[in-house]
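Below is one structure, written out as structure tokens; comments come after it.
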Amino acid sequence: MRLVIARCMVDYVGRLTAHLPMAPRLLMVKADGSVLVHSDGGSYKPLNWMSPPCTLVESELPDGAALWTVTNKTGDQLRITIEEVLHDSSHPLGVDPGLVKDGVEAHLQTLLAEHIETLGTGYRLVRREFPTAIGPVDIMARDAQGVSVAVEIKRRGDIDGVEQLTRYLELLNRDPLIAPVRGVFAAQEIKPQARTLATDRGIDCLVLDYDLLRGVDDPSSRLF
């Protein structure tokens, strides 16, 4: 990973346009090719970014400033004009062991794999922790028509989980051996914003009943 702290101006040019005026920022270039622009505020989310696959070309402007031109597969560009570099270092992080899920998420994954028909009639399990270059997909399955289905499981489903599944789907759908791949976002609770984003991206949402999956839910004892 390359970390650059610099006074820079950032312009996104493509299907939409966005501008960040000159200011000190952190630029991150990851091994997967992604480029992210961070400020010292705004929590963990980047101000702007370019997801892989993309190319980074560094050049020099007539006034001596550096220009990073990051271009993705659709031709959109992230143009970073660097006035002054305050820090520039690279650090090999190696292969990440992956996220260790908490007990509930891990158990939900196990239970859903055991009761894959929860996704729908005719579904069959392909594999849990299906490997990809950017991390494992919780569950890979096939529906009754034989279409591949990637399932991301969370205890509480928010926008970040949808974004994570979106990245998996973009990568998986470039593999001709399994494409097309649909997505299912499964959680015990799905926030309205996450559901809206998932629907907009063609991802199905599934609310998981933990007790029902464990076989301890008794429908006859319910008032409603």
Restricting to region 124-147, and then to whatever is open to solvent by 40 Å² or more (accessible area, probe 1.4 Å) and not in a strand (DSSP E or B), can you tell me which residue is farthest from LEU212 (Cα to Cα)? ALA133
Among (1) surrounded by 15 or more Cβ atoms within 10 Å (Cβ to Cβ); (2) within 25 Å of GLU152 (Cβ to Cβ); (3) touching a strand residue (DSSP E or B) at 6+ places or on another chain (Cβ under 8 Å) - the single one HIS107 does not satisfy: (3)
Can you name the residue in region 14-31 that is modelled with pLDDT of 95 or more and of a type in the set (A, V, I, L, M, F, W, C) and, of all such residues, is least open to solvent (accessible area, probe 1.4 Å)? LEU27
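Every residue, every condition in (1) at pLDDT 95 or above; (2) under 19 Å from the mean Cα position of the chain (by Cα); (3) over 20 Å from LEU165 (Cβ atoms), yes or no:
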{"position": "HIS38", "(1), (2), (3)": "yes, yes, yes"}
{"position": "SER59", "(1), (2), (3)": "yes, no, yes"}
{"position": "ASP63", "(1), (2), (3)": "no, no, yes"}
{"position": "LYS73", "(1), (2), (3)": "no, yes, no"}
{"position": "ARG79", "(1), (2), (3)": "yes, no, yes"}
Would you call SER34 within 20 Å of the chain's Cα centre (by Cα), open to solvent by less than 50 Å² (accessible area, probe 1.4 Å) and at pLDDT below 95? yes
Among the listed residues ASP40, ASP96, which satisfies the condition of being among the charged types (D, E, K, R) and in contact (Cβ under 8 Å) with a residue 24 or more places away in the chain? ASP96
It is to be established whether one or more residues within region 136-146 are farther than 30 Å from PRO46 by Cβ, small (Gly, Ala, Ser) and in contact with a strand residue (DSSP E or B) (Cβ under 8 Å, 6 or more places away or on another chain). yes
Just to be sure I understand the filter: pairs with C-beta atoms under 6 Å, separated by 6 or more residues or on different chains, first member in region 65-80 and within 16 Å of LEU20 (Cβ to Cβ) and open to solvent by less than 10 Å² (accessible area, probe 1.4 Å), second member of a type in the set (Gly, Ala, Ser) and assigned to a strand (DSSP E or B). Which pairs pass? none
Output yes when any residue across region 46-55 is over 17 Å from MET1 (Cα atoms) and loosely packed, with under 13 Cβ neighbours inside 10 Å, and no when none is. no
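The values are calculated or read from the model by the stated rules, or taken from the named source; none is laboratory data. Only a predicted model underlies this, so the values are computations on that prediction, with no experimental measurement involved. Using ideal geometry, Cβ is built from the backbone for each residue, glycine included, and neighbour counts are taken over all protein chains shown. Quick note on the areas: whole protein, heavy atoms, side chains included, nothing else; ligands and nucleic acids left out. Shrake-Rupley method; radii C 1.70, N 1.55, O 1.52, S 1.80 Å.
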